[in-house]
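See structure below.
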Amino acid sequence: MFVDEVDLHVAAGDGGNGCVSFRREKFVPRGGPDGGDGGRGGSVFLRASNHLNTLVNFRFHPFCRAQRGGHGEGANRAGHAGRDLHLDVPLGTVVYTIEQGDQRRQLADLAEDGQSWLAAQGGRGGRGNRRFTSSTNRAPRRFEAGRPGETRTLRLQLKLLADVGLVGYPNAGKSTLIARVSAARPKIANYPFTTLSPNLGVVHLDEERSFVVADVPGLIAGAHEGHGLGHRFLSHLERTRVLVHVIDLSSFSGRDPVDDFDTICTELVQFSGTGGDAPKPGDSPGLAGKPQLAAANKMDALDEPERLARLRRHLAARSVPLYTVSAVTGEGLPALLDAMWAAVRQRPAQTGEPTSREHA
């Protein structure tokens, strides 16, 4: 099960109480206080791991608590410290705090393997009575209770780390394409919304060149507002460095390829919050400003050449490179993959974006 957003309740361990104790030994009068300090409570940490790709574990276990500290004891024995709790999350997990009115504020972005973030601080242990000995109070009966551990409610959102993101209408052939060029095996069928969760695949061009491709569920008009499956999965494209429009050329869809391209572009602009009617790659922030390529798919099923001619003219006017391919037969894919690699290499990596795989 692919889960990319969960609410997580974390509670650090409470500190142990200090102890009130006095030495009681034969022939040792006025032995004095010997109450030990309480141990500190365990803290809760979130740790990025490249061995995970979903937040499903927290869907069924939404509350996590660290161990509390032990109480102090006599003979100056301090309580044991509570064990810290390390919770592994997938790479690309963004941590938010939930504020009033369901407003969110970003706290951490765990984008590197092994990166750790303190989610809840453990409580401090209380002091035992020996800590309160003074020249005027030789037998104090005072002690401190342990401090409570920090408790927080966090929202975790997973944003996939990929170099290239495939976008397009449902059933345009994105899953077939990623299955053809990588080892990913998404579900493929001849009906809309076959893909219900994002898929990642590694494309190996040769021994020195490889990059990661993300296939997200198909988008439709209004995706930025949550129509279809769009709003949740558009966020996965925010970390990609290059976007590739996969466009269905065949007439079986009943749609026009030019309209499909314009609709997806509008959704990218609206999700980015940049406004306007059409994106200008490289000029605006967010998804609409990423470098973009277009893959005219299903060349093997092209029955109206004019559909390709109109799309070619439309994209040329917008300076979007077009590559004609067939994900089923493999036609045109080498040229498309080379163009993807070139675009990834030209796009400098930014915070939270992956680094393409290249071995010098």
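The values are calculated or read from the model by the stated rules, or taken from the named source; none is laboratory data. Predicted, not measured: the structure shown is a model, and the values here were computed from it. Cβ sites come from the backbone with ideal geometry, for glycine too, and all protein chains shown count toward neighbours.
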Output for the range 1-19, where each listed residue is at pLDDT 95 or above and in a loop (DSSP other than H, G, I, E, B): Ala12, Gly13, Asp14, Gly15, Gly16, Asn17, Gly18, Cys19
Tabulated pairs, the range 1-25, first under 20 Å from Pro62 (Cβ atoms), second acidic (Asp, Glu) and in a loop (DSSP other than H, G, I, E, B), C-beta under 6 angstrom, 6+ apart or interchain: Ala12/Glu150
Residue tally, condition among the hydrophobic types (A, V, I, L, M, F, W, C) and farther than 20 Å from Trp117 by Cα, over the range 21-55: 3
First in the range 298-324 and in the same structural domain as Asp259 (by TED's automatic domain parsing), second anywhere and of a type in the set (Lys, Arg), Cβ under 9 Å, 6 or more apart: Arg318/Lys280; Ser319/Lys280; Leu322/Arg312; Thr324/Arg312
Boolean, Gly82 is touching a Pro at 6+ places or on another chain (Cβ under 8 Å) and at pLDDT 95 or above: no
Residues of the range 198-208 satisfying the condition of being touching a residue at least 40 places away in the same chain (Cβ under 8 Å) and either outside any strand (DSSP E or B) or farther than 13 Å from Val164 by Cβ (or both): Pro198, Glu207, Glu208
Top-ranked residue in the range 1-25 [being charged (D, E, K, R) and over 14 Å from the mean Cα position of the chain (by Cα); ranked as nearest to Arg83 (Cα to Cα)]: Asp14
Some residue of the range 53-61 being surrounded by 20 or more Cβ atoms within 10 Å (Cβ to Cβ), under 15 Å from Leu158 (Cα atoms) and not hydrophobic (A, V, I, L, M, F, W, C): no
